[in-house]
Amino acid sequence: MCSEGLRERYVNPYTDFAFKLLFGTDLNKEVLIGFLNALFNGEQVIEDVTYLNTEHLGSREPERRAVFDVYCQNEKGEKILIEMQKGEQQFFKDRSIYYSTYPIREQAIKGEIWDYELKAVYIIGILNFTLDDVKSPQFYHEVKLMETSTHEVFYDKLTFVYLEMPKFHKTEQELETLFDKWMFVLKNLSRLMERPTALQERVFNRLFEAAEIAQFSPDKLYAYEESLKVYRDWNNVINTAIQKGEAMGEARGEARGRAEGELIKARNIARNLKNIGLPTSEIATVTGLPIDEINSL
């Protein structure tokens, strides 16, 4: 892939390279802090974050390895894990639950008496797809452990936030909150040719500066092009699978319709033959219907 093929001014944040560039580097730490504070909407104010190792191994060799997109902790020691999911996964919820066990377990104090007190853990999923089993039109979902009889939060130190980006439809003119603006940027960044007038907050200065492809060094440009190629190839594979599935569904529907039509035709013939007194065995030979079914007509 060559750079002449790029027509966008800003990176596509759904690529691994761009997402980690914008949100997972010390150079752009203020971008991550700005996003998180908009997401939490005053429930907490993050002043600083420390990036943590994004690759984790299970406590035993056979356990599965986990690689996070962005993993950090705030100044209070609370763990924040952010995953950008560019495509649908069958067990995405299971995966997010599994990932949450790492920032929980690593808080254990080894070799000392420990009372099991934990710092809060936040798992944030930015999804470029919709969850099949979530019927709500809302794109923002905050999930905590809940007492089912009272609907009260049972444990407030474990929070899952899922953002279904395809359900966010606001235009630039409809943006009301800072969080709206972040959602608009995430969804539309690669399609923008200039910074929208509505996004004048200081935190977006750094984001648009870091996202501008023309400012990349040759090495960084090559890395982004490779990541973009992987993203586009992956999308093509998914779209092809969807199209094939739809075509197979249509073919099966047509075949089912033909089969049902033939069955109705056979039953009508059987009824007429019964009416003229033809023996059931002969009707079965002519129509191919089971004798029991012919007798029930």
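Sequentially through the range 24-33, phi angles give Karplus couplings (6.51, -1.76, 1.60; θ = phi - 60°) of x, 10, 4, 4, 10, 4, 5, 5, 4, 4 Hz, Gly and Pro residues having no value and appearing as x. In the list (1) 20.4, 60; (2) 21.6, 77; (3) 28.1, 93, the label attached to Rg and Dmax of the Cα atoms in Å as derived from the coordinates here is (3).
Defining a contact as two alpha carbons under 8 Å apart and six or more residues distant in sequence, what relative contact order in percent does the chain show?
20
At 0.36 nm per residue, and after removing the present C-alpha to C-alpha distance, how many nm does the segment from Gln90 to Phe154 gain when stretched out fully? Mind showing how you got there, number by number?
Numbers: separation 64, 0.36 × 64 = 23.04 nm, distance 2.79 nm.
Gain on extension, Gln90 to Phe154, equals 20.3 nm.
Residues in the range 198-205 carry Karplus couplings, in order, of 6, 10, 9, 4, 4, 4, 6, 4 Hz; the curve used is 6.51 cos²θ - 1.76 cosθ + 1.60 with θ = phi - 60°, and Gly or Pro positions show x. Using a simple spin-label model with pseudo-atoms 7 Å out from Cα toward Cβ, Ala108 and Thr130 lie 4.2 nm apart.
Take every DSSP beta bridge with both residues inside the chain and express the antiparallel ones as a percent of the total, to the nearest 5.
Values: 17 of 31 bridges.
Of those bridges, close to 55 percent are antiparallel.
Under the simplified labelling scheme, the Asn205-Arg267 pair shows an inter-label distance of 7.5 nm, with each label point 7 Å from Cα along Cα→Cβ. What residue among Thr159, Thr101, Thr150 has the largest mean-square fluctuation in a Gaussian network model of the chain, using Cα springs under 10 Å? Answer for the Gaussian network model of the chain: Thr150. The Lys170 and Glu142 beta-carbon pair, evaluated with R₀ = 30 Å, returns a calculated FRET efficiency of approximately 0.95. Phi-derived couplings, Karplus 6.51 cos²θ - 1.76 cosθ + 1.60 at θ = phi - 60°, listed residue by residue for the range 101-111: 5, 5, x, 7, 5, 6, 7, 4, 8, 7, x Hz, with x used for Gly and Pro.
So how do 17-24, 172-179 stack up, highest first, on mean other-Cβ count within 10 Å? Don't skip to the end; give the middle numbers.
Numbers: 17-24: 21.6, 172-179: 13.1.
In descending order of packing, they fall as 17-24, 172-179.
State which entries of Lys135/Lys220; Lys93/Lys187; Lys135/Lys157; Lys29/Lys157; Lys20/Lys93 exceed 31 angstrom in Cα-Cα distance in the structure shown.
Working: Lys135/Lys220 40 Å; Lys93/Lys187 22 Å; Lys135/Lys157 26 Å; Lys29/Lys157 24 Å; Lys20/Lys93 22 Å.
Going by Cα-Cα distance, Lys135/Lys220 fall outside the 31 Å limit.
Here the extension length gained between Val67 and Asp115 equals 14.4 nm, from 0.36 nm per residue of separation less the Cα-Cα distance. Over the chain, accessible surface divided per residue gives 60 Å², non-protein components excluded, 1.4 Å probe.
Under 5 Å between amide hydrogens, built in the peptide plane, is the criterion, and for Ile124 it picks out Leu81, Ile82, Glu83, Val161 among residues at least 5 positions away or on other chains. Taking the longest Cα principal axis of the chain as reference, the axis of helix 178-188 is set at about 60 degrees. Between Leu27 and Leu297, the modelled labels are 7.8 nm apart [label points 7 Å from Cα along Cα→Cβ].
The values are calculated or read from the model by the stated rules, or taken from the named source; none is laboratory data. Just so we're clear, the structure is a prediction, and the values are computed from it rather than from any experiment. When we count neighbours, we look across all protein chains shown, and the Cβ atoms used for this are built from the backbone with ideal geometry, even at glycine. Accessible surface is based on the protein model in full, side chains and every heavy atom, while ligands, DNA and RNA are left aside. Shrake-Rupley method; radii C 1.70, N 1.55, O 1.52, S 1.80 Å.
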